[in-house]
Amino acid sequence: MKGAFLKCIKELVITQHGEDQWTKILATSSYPSNKPIMATATVPDEQLFGVMKEARKILRMSKNQFYDAFADYWICIYGPRLSPRHYDEATNSREFLTMLDDIHGRARRRMRGATPPNIEMRWLDEDTVELTYNSERELILMMTALVRALGRYFDDDIERVDLIDDKTVHVGFVSIADDVSAAE
Ligand code: HEM
């Protein structure tokens, strides 16, 4: 996976838990502690997953707690740096989700060796979208955390993010009709 993920984890740990915790995590993981972390370099998945595992252990976080913290940082701080245009264009999480293909396509084109997931969207009804996760990795839990983070970023109407199976997530939005009547 691209070093951007590792850089994001590093910034998250240092700003929220302190430099000493990051040093501890690196010392116990298999990522070489003196190797610089470049956003566009490819980091072997085992090394990235190793850092995540050590981070969870040292920071005493469950998988979901860690993914939520990562997703908040990725969506709210790192993403706007990587893809400012998409943040300017989307005014809510429904719109942002429709741009995911474009965002990941751009990452694929601009970062040699990037293999972001292919996430298909299918509206089941007006307020529910089905996301189908196609990837060489098994990070659907991270995907659910990223969707929850989008709801927090836009402070909008994502009401539920349900994991259906290892490829499928349903995202339920507050019904437009309910939202209108609440505002009245
Ligand atoms: C501005 C926002 C985003 C940017 C710039 C972005 C970009 C990227 C990049 C560069 C990768 C690494 C690919 C690689 O190293 O091979 C990645 C992976 C990933 N992205 Fe995004 N992404 C964004 C938002 C999202 C959102 C909202 C979701 C969820 C719906 C998502 C789901 C994932 C997942 C699950 C991966 C892990 C790789 C995998 O499972 O194969 N991303 N993304």
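A count restricted to region 40-58 and to residues that are in contact (Cβ under 8 Å) with a residue 40 or more places away in the chain, within 10 Å of Gly3 (Cβ to Cβ) and small (Gly, Ala, Ser) stands at 0. Could you go through region 132-141 and let me know if any residue there is modelled with pLDDT of 95 or more, part of a helix (DSSP H, G or I) and within 8 Å of the ligand (Cβ to nearest atom). Yes, there is a match, as at least one residue in region 132-141 is modelled with pLDDT of 95 or more, part of a helix (DSSP H, G or I) and within 8 Å of the ligand (Cβ to nearest atom).
Could you please let me know if Tyr153 is surrounded by 15 or more Cβ atoms within 10 Å (Cβ to Cβ) and in a helix (DSSP H, G or I)? So Tyr153 fits the description; yes. Could you please let me know if Glu95 is assigned to a strand (DSSP E or B) and either farther than 21 Å from Thr42 by Cα or away from the ligand (no atom under 14 Å from the Cβ) (or both)? When the stated conditions are applied, Glu95 does not pass them.
For Pro116, the conditions (1) without any contact (Cβ under 8 Å) to a residue 12 or more places away in the chain; (2) within 10 Å of the ligand (Cβ to nearest atom); (3) not in a helix (DSSP H, G or I) all hold with the exception of (1). Here Gly105 meets each of (1) closer than 23 Å to Ala69 by Cα; (2) within 12 Å of the ligand (Cβ to nearest atom) with one exception, condition (1). Scanning region 50-76 for residues that are over 8 Å from the mean Cα position of the chain (by Cα) and among the aromatic types (Phe, Trp, Tyr) yields a total of 2. Evaluate region 69-77: report whether one residue or more is more than 30 Å from Lys24 (Cβ to Cβ) and near the ligand (Cβ under 9 Å from one of its atoms). Among the residues of region 69-77, not one is more than 30 Å from Lys24 (Cβ to Cβ) and near the ligand (Cβ under 9 Å from one of its atoms), which makes the answer no.
If you check every pair at least six apart or on different chains, which have Cβ atoms under 8 Å apart with a residue in region 86-109 that is in contact (Cβ under 8 Å) with a residue 60 or more places away in the chain first and a residue that is in a helix (DSSP H, G or I) and more than 10 Å from the ligand (Cβ to nearest atom) second? Filtered contacts from region 86-109: Ala90/Phe154; Thr91/Phe154; Asn92/Phe154; Ser93/Gly151; Ser93/Phe154.
When region 19-70 is filtered for residues that are out of contact with any helix residue (DSSP H, G or I) (no Cβ under 6 Å at 6 or more places or on another chain) and assigned to a loop (DSSP other than H, G, I, E, B), the ones remaining, listed by number, are Pro32, Asn34, Lys35, Pro36, Thr40, Pro44, Arg60, Met61, Ser62. Scanning region 121-130 for residues that are surrounded by 13 or more Cβ atoms within 10 Å (Cβ to Cβ), more than 10 Å from the ligand (Cβ to nearest atom) and not in a loop (DSSP other than H, G, I, E, B) returns Thr128, Val129, Glu130.
The values are calculated or read from the model by the stated rules, or taken from the named source; none is laboratory data. All figures in this text were calculated on a predicted structure; none of them were measured in a lab. Note: ideal-geometry Cβ built from the backbone for every residue, glycine included; neighbour counts use all protein chains shown.
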